[in-house]
Amino acid sequence: MPPAESADGDGIVGTGADLEPGTLLAAYRAGMFPMPIGQTTGWWSPDPRAVIPLDGLRVSRSLRRSVRRYDIRVDTAFTEVMAACGDPRRPHGWITDAFLTAYTRLHELGWAHSVEAWSPDDGTLAGGLYGVAINGLFAGESMFHRRTDASKVALVALVERLRANGAVLLDVQWRTPHLESLGAVDVPRARYLELLADALTRDVTWS
């Protein structure tokens, strides 16, 4: 793949290639991630890049109350979480069947993971998130909720897990008002690549 620094003004490094596990992992290690562009795959390295500092997650008083309302599970419903994130009724949905198949394969190989918030009253999946874990990096891909604060509760659980395991970098791609309210900040691409290089040296396992 071309280097991340070669991205154009929109953050696109290149298009094409496949979604095989080796291709995906090489992209994340090089500071890129895939998203569809029309009928092909684009490989992105935005500048700036949004991250959530693991010591900077903003947990409001109401969110602390919500944490107590859900049961957290990890990797018990990966495909369901990803399919919910890709629900075509959601605004700006982009997760295609090809991406669902590719990341489910990554999950089966132990690289992609889901954090899920379940409703204890009826046992349904209320929200969650998924992403890719490589050493000290967790590359967050998408999140969804069906009940109030469920995706935020999953994020709180993710950050707690990453900190406990010794991870150092939570990549969230682009800063949105929603992510900014939770502590996301922008860093220049060059700084992100430095943080990534450090994260990839860390001896961290998801479990």
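Hey, can you tell me all the residues within region 106-117 that are surrounded by fewer than 21 Cβ atoms within 10 Å (Cβ to Cβ) and free of Cβ contacts under 8 Å to residues at least 60 places away in the same chain?
Within region 106-117, His107, Glu108 qualify.
Using beta carbons and a limit of 7 Å, which pairs, at least six apart or on different chains, have the first residue in region 159-183 and over 22 Å from Arg64 (Cβ atoms) and the second one of a type in the set (Asp, Glu)?
Close Cβ pairs satisfying both conditions: Val168/Asp198; Arg175/Asp186.
Hey, can you tell me all the residues within region 164-193 that are surrounded by fewer than 12 Cβ atoms within 10 Å (Cβ to Cβ) and touching an Asp or Glu at 6+ places or on another chain (Cβ under 7 Å)?
Pro188
Among the residues of region 162-206, write down those that are within 17 Å of the chain's Cα centre (by Cα), of a type in the set (Ser, Thr, Tyr) and more than 25 Å from Ser60 (Cβ to Cβ).
Residues satisfying the conditions are Tyr192, Thr205.
Show the residue pairs meeting these rules: Cβ distance below 6 Å; 6+ apart or different chains; first residue within region 22-35 and on the phi > 0 side of the Ramachandran plot; second residue at pLDDT 95 or above and in a helix (DSSP H, G or I).
Close Cβ pairs satisfying both conditions: Gly31/Ala4; Gly31/Leu193; Gly31/Leu196.
Which count do you get for residues in region 19-78 that are assigned by TED's automatic domain parsing to the domain that holds Glu141, among the aromatic types (Phe, Trp, Tyr) and under 17 Å from His113 (Cα atoms)?
The qualifying residues number 1.
On the given criteria, is Gly11 outside the structural domain of Thr176 (by TED's automatic domain parsing), without any contact (Cβ under 8 Å) to a residue 60 or more places away in the chain and more than 27 Å from Gly183 (Cβ to Cβ)?
No.
Identify all residues within region 79-112 that are within 18 Å of Lys152 (Cβ to Cβ) and within 13 Å of the chain's Cα centre (by Cα); write none if there are none.
Val81, Cys85
The values are calculated or read from the model by the stated rules, or taken from the named source; none is laboratory data. What you are looking at is a predicted structure, and each value in this text was computed from that prediction instead of being measured. A quick note on method: Cβ atoms are made from the backbone with ideal geometry, for glycine too, and the neighbour counts reach across all protein chains shown.
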